[in-house]
Amino acid sequence: MRPWDVLLEATAGLRYRRLRAALSALGIAVGAAAVVGVVAIPASAQAALLDQLGRGGNLLTVATGQTFNGTPVPLPRTAPSMLRRIDGVHAVAPVAVINGASVRRTSAIPAHDTNGLALMAADPSLVGTLNLTMTRGRFTDAATGRYPAVVLGAAAARALGISALTPQTQVHIAPAGGRGGRYAVVLGVLAPVPLAPELDTGVLLGTTAATELFGYDGNPSRIYLRADPDRVTAVWSVLAATTNPANPGQVTVGQPSDLLLARTSAHTALTGLAIGLGAVAMLVGGVGVANVMVVSVTERRTEIGIRRALGATRATIAMVFLAEATMLCLLGAVAGALAGIAATVGYTAFSGIPAVLPIAPLATALGAAVLIGLIAGSYPAVHAARLSPAEALRHT
Amino acid sequence: MTVTAAIELRDVAKEFTGTRALRGVDLTIRPGEMVAVVGASGSGKSTLLHIAGTLERPSTGVVLIAGQDVARLPDAALSRLRAHHLGFVFQQFFLMPHLDIVANVAHALVYRGIPRPARRSAAVTALHRVGLGHRLGHRPDQLSGGECQRAAIARALVGGPTVILADEPTGNLDSTSGRAVLDLLLRLNAEETTVVIATHDPDIAAAASRRIELHDGSVVHDTGWSA
């Protein structure tokens with residue numbers, strides 16, 4: 001018998017019993033859908049995140065450290081210009097938290113009600129260094145940086161209840177103690193910054209205004225750097241010493257993308273669990289297919305007898321049933337995979353991220369289905385092949 | 001001149017759990033014979049036919065098909081023998097319900113590795129031979145019993161077998177349809193095909209060139225081979 005004819009015979013068996021075939025393949029389909037969807041959806045989210053990071057791995061931060069007794073040590077005023085001179089550093093942006101300053105919607109709100117917002121001095125270099133995007137308005141520039149004008153982090157804008165901006169939108173900023181505060185125009189609102197979440201709760205004031213209004217001394221509390229992607233490690237190794245040559249130990253050096261990657265690997269662990277569940281569903285589906293095939297062999301005794309009378313060998317009979325079980329599992333897996341893909345496309349379209357369809361889980365699901373089909377079909381196939389033709393034709 | 005027997009049974013016995021279906025049957029069927037195997041229900045007619053058609057192995061004794069001892073043949077060779085030399089017709093037709101009759105007849109050639117287009121054209125020819133040329137696209141449930149049996153005969157003859165074994169071919173048919181089936185079998189026999197029919201039908205028994213009567217698994221009467 002030609003291989004193509006074996007396939008035709010196997011599909012004929014399935015076509016004739018469509019509903020049963022569909023129901024018995026359902027378990028496999030659910031498993032495959034779970035495997036594909038569960039991998040593809042987080043993979044899409046992760047790809048979107050990594051995309052958002054861009055070459056996010058080259059962002060480094062230098063922050064104030066502490067002395068042995070716990071006192072915070074501000075970074076030296078000269079640090080930004082020193083860091084800029086390191087070979088392989090593309091961009092440097094310092095920010096400074098103005099200690100004790102408060103930001104409120106109006107002066108009528110008590111000064112201690114800070115909402116956890118931090119007033120920071122920042123200059124326009126921050127935009128390029130962190131690839132900041134604005135959801136509203138614009139960032140402070142050299143001109144507006146001299147005036148009491150602020151840019152709000154995404155969370156800060158939410159906490160202050162500011163959604164739409166007008167030229168009259170203002171917040172009240174005050175130095176430590178709450179006296180001598182004044183209103184500042186809100187120039188813009190930042191989109192969330194996953195690489196520097198501290199900016200989300202920040203209220204950014206131009207450095208000149210910060211110096212004039214709050215006596216900012218030019219000592220940054222945190223510096224963001226972009227390094228040449230190939231030289232991140234080299235740059236990293238000299239950061240502390242360059243920032244504070246006198247006391248390198250009082251500088252905290254960080255690579256924010258590590259945190260995000262750690263978070264995505266936590267997703268991966270969950271994914272493993274879900275894949276395991278999908279695999280169990282497929283196995284259970286395989287048991288269902290085996291069950292249906294056993295019933296099918298019993299039901300189709302006459303058919304088997306006729307095939308044998310017409311010259312089918314035992315091996316041919318076994319192959320037809322094996323092919324049928326395998327095809328059943330494969331079709332189930334294909335249907336499930338399509339459902340998983342549809343779910344992924346739907347989810348990603350809904351959340352506005354590009355869909356990523358990893359090949360590995362697709363191939364795994366289909367490969368596993370074939371394997372399960374072969375295993376599930378082997379007993380019924382052997383059973384069918386062993387039937388004596390006359391016995392198969394003898395009516396009950 | 002010795003002619004190789006189409007089918008030869010030597011001291012064949014068949015025992016099912018508790019019952020002896022055949023006992024000590026010696027039988028030689030020559031090429032071109034038209035044999036009617038008669039006897040009461042349970043006398044062993046079907047078992048004899050199954051054993052002669054290699055669908056069943058005897059408990060003891062030797063079965064030779066075209067001179068080959070079937071006990072010595074592996075499954076693949078035995079299957080090849082069935083595919084090339086033997087055609088079967090059953091009382092219940094055993095057509096596949098989900099296939100039209102062309103596909104049913106063409107199915108007989110699938111195990112010989114014949115490509116699909118050739119199978120189908122041979123099937124159409126065979127169906128024309130049995131007078132079903134106007135029913136090609138019909139499924140068995142759209143045909144009368146007589147038409148189904150003629151389709152089954154087309155399936156048996158499509159591969160050009162040397163022997164056709166028919167088990168009660170008219171058992172489920174009215175007399176007119178039964179007559180048509182018998183005429184077909186006689187025509188096949190006239191074309192040199194050996195035909196062995198297990199039957200209750202006195203018309204068939206009368207039309208056959210040789211009658212073998214079974215009783216309780218033994219041959220009690222054999223009109224013998226006549227030229």
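The values are calculated or read from the model by the stated rules, or taken from the named source; none is laboratory data. Predicted model, so just to flag it, every value in this text is computed and none were measured. Ideal geometry is used to build each Cβ from the backbone, glycine not excepted, and the neighbour counts take in all protein chains shown.
Would you mind finding the one in A:ALA325, A:ALA274 that is more than 14 Å from chain B (Cβ to nearest Cβ), small (Gly, Ala, Ser) and surrounded by fewer than 24 Cβ atoms within 10 Å (Cβ to Cβ)?
On the way: A:ALA325 fails: surrounded by fewer than 24 Cβ atoms within 10 Å (Cβ to Cβ).
Sole residue among the options that is more than 14 Å from chain B (Cβ to nearest Cβ), small (Gly, Ala, Ser) and surrounded by fewer than 24 Cβ atoms within 10 Å (Cβ to Cβ): A:ALA274.
Mind listing whichever residues of the stretch B:207-227 are more than 18 Å from the chain's Cα centre (by Cα) and of a type outside the set (Phe, Trp, Tyr)? Reasoning before the result, please.
So the first thing to find is which residues in the stretch B:207-227 are more than 18 Å from the chain's Cα centre (by Cα), and the list is B:215-227.
Those that are more than 18 Å from the chain's Cα centre (by Cα) and of a type outside the set (Phe, Trp, Tyr): B:HIS215, B:ASP216, B:GLY217, B:SER218, B:VAL219, B:VAL220, B:HIS221, B:ASP222, B:THR223, B:GLY224, B:SER226, B:ALA227.
Could you give me the residue pairs with C-beta distances under 7 Å whose first residue belongs to the stretch A:99-119 and is in contact (Cβ under 8 Å) with a residue 40 or more places away in the chain, whose second residue is acidic (Asp, Glu) wherever it lies, and which are 6+ apart or on separate chains?
From residues that are in contact (Cβ under 8 Å) with a residue 40 or more places away in the chain, the pairs are A:ARG104/A:ASP113.
Output the number of residues of the stretch B:102-121 satisfying the condition of being away from chain A (no Cβ under 12 Å) and either under 29 Å from B:ILE51 (Cβ atoms) or of a type outside the set (A, V, I, L, M) (or both).
Summing the residues that are away from chain A (no Cβ under 12 Å) and either under 29 Å from B:ILE51 (Cβ atoms) or of a type outside the set (A, V, I, L, M) (or both) in the stretch B:102-121 gives 3.
Step by step: first the residues of the stretch B:72-92, then only those that are without any contact (Cβ under 8 Å) to a residue 60 or more places away in the chain and surrounded by 18 or more Cβ atoms within 10 Å (Cβ to Cβ), then the one that is farthest from B:GLU56 (Cα to Cα). Which residue is that?
First, the residues of the stretch B:72-92 that are without any contact (Cβ under 8 Å) to a residue 60 or more places away in the chain: B:72-82.
So of that shortlist, the ones also surrounded by 18 or more Cβ atoms within 10 Å (Cβ to Cβ) come out as B:78-79, B:81-82.
Values: B:LEU78: 11, B:SER79: 12, B:LEU81: 14, B:ARG82: 12 Å.
Per the criteria, the residue is B:LEU81.
So how many residues does the stretch A:112-158 have that are assigned to a strand (DSSP E or B) and over 16 Å from A:PRO194 (Cα atoms)? Give the steps one after another, and end with the answer.
Within the stretch A:112-158, the first condition is being assigned to a strand (DSSP E or B), and the residues that meet it are A:118-122, A:134-137, A:149-152.
Then drop every residue that is not over 16 Å from A:PRO194 (Cα atoms), which leaves A:118-122, A:136-137, A:149-151.
Selection size over the stretch A:112-158: 10.
Enumerate the strands (runs of 3 or more DSSP E) found wholly within the stretch A:190-301, keeping only those where 3 or more residues are touching a Ser or Thr at 6+ places or on another chain (Cβ under 8 Å). Break it down into steps so the answer makes sense when it comes.
Details: elements: A:202-205, A:222-227, A:251-254.
Answer list for the stretch A:190-301: A:222-227, A:251-254.
Condition (residue is at pLDDT 85 or above, buried (at least 20 other Cβ atoms within 10 Å of the Cβ) and part of a loop (DSSP other than H, G, I, E, B)) applied to the stretch A:85-95: is it met by at least one residue?
No, the stretch A:85-95 contains no residue that is at pLDDT 85 or above, buried (at least 20 other Cβ atoms within 10 Å of the Cβ) and part of a loop (DSSP other than H, G, I, E, B).
Any idea which of A:ALA22, A:ALA40 is among the small types (Gly, Ala, Ser), touching a residue at least 24 places away in the same chain (Cβ under 8 Å) and assigned to a helix (DSSP H, G or I)?
On the way: A:ALA22 fails: touching a residue at least 24 places away in the same chain (Cβ under 8 Å).
Exactly one of A:ALA22, A:ALA40 is among the small types (Gly, Ala, Ser), touching a residue at least 24 places away in the same chain (Cβ under 8 Å) and assigned to a helix (DSSP H, G or I), namely A:ALA40.
Quick one: is A:ILE341 within 30 Å of B:LEU78 (Cα to Cα) and more than 14 Å from every other protein chain (Cβ to nearest Cβ)? Spell out the reasoning first.
Working: within 30 Å of B:LEU78 (Cα to Cα): no; more than 14 Å from every other protein chain (Cβ to nearest Cβ): yes.
It is false that A:ILE341 is within 30 Å of B:LEU78 (Cα to Cα) and more than 14 Å from every other protein chain (Cβ to nearest Cβ).
Within the stretch B:126-144, identify whether any single residue is within 19 Å of the chain's Cα centre (by Cα), buried (at least 19 other Cβ atoms within 10 Å of the Cβ), in a helix (DSSP H, G or I) and among the aliphatic types (A, V, I, L, M), and answer yes or no.
Filtering the stretch B:126-144 down to residues within 19 Å of the chain's Cα centre (by Cα) leaves B:126-127, B:129-130.
In the following step, the residues that additionally are buried (at least 19 other Cβ atoms within 10 Å of the Cβ) were identified as B:126-127, B:130.
When the remaining residues are screened for being in a helix (DSSP H, G or I), the result is B:126-127.
Right, trim to among the aliphatic types (A, V, I, L, M) and you get B:126-127.
For the stretch B:126-144, residues within 19 Å of the chain's Cα centre (by Cα), buried (at least 19 other Cβ atoms within 10 Å of the Cβ), in a helix (DSSP H, G or I) and among the aliphatic types (A, V, I, L, M): present.
In this structure, does B:LEU64 turn out to be under 30 Å from B:GLN142 (Cβ atoms) and either part of a loop (DSSP other than H, G, I, E, B) or touching a Lys or Arg at 6+ places or on another chain (Cβ under 8 Å) (or both)? Break it down stepwise before answering.
Details: under 30 Å from B:GLN142 (Cβ atoms): no; either part of a loop (DSSP other than H, G, I, E, B) or touching a Lys or Arg at 6+ places or on another chain (Cβ under 8 Å) (or both): yes.
Here the answer is no, as B:LEU64 does not meet what is asked.
With the structure loaded, tell me whether B:ASP75 is of a type in the set (Asp, Glu), within 13 Å of chain A (Cβ to nearest Cβ) and over 26 Å from B:HIS221 (Cβ atoms) or whether it fails that test. First the steps, then the outcome.
On the way: of a type in the set (Asp, Glu): yes; within 13 Å of chain A (Cβ to nearest Cβ): yes; over 26 Å from B:HIS221 (Cβ atoms): yes.
Against the criterion (of a type in the set (Asp, Glu), within 13 Å of chain A (Cβ to nearest Cβ) and over 26 Å from B:HIS221 (Cβ atoms)), B:ASP75 qualifies.
Only one residue in A:LEU338, A:LEU330 is among the aliphatic types (A, V, I, L, M) and farther than 20 Å from A:ASP5 by Cα, so which one is that?
Working: A:LEU330 fails: farther than 20 Å from A:ASP5 by Cα.
Of A:LEU338, A:LEU330, the one residue that is among the aliphatic types (A, V, I, L, M) and farther than 20 Å from A:ASP5 by Cα is A:LEU338.
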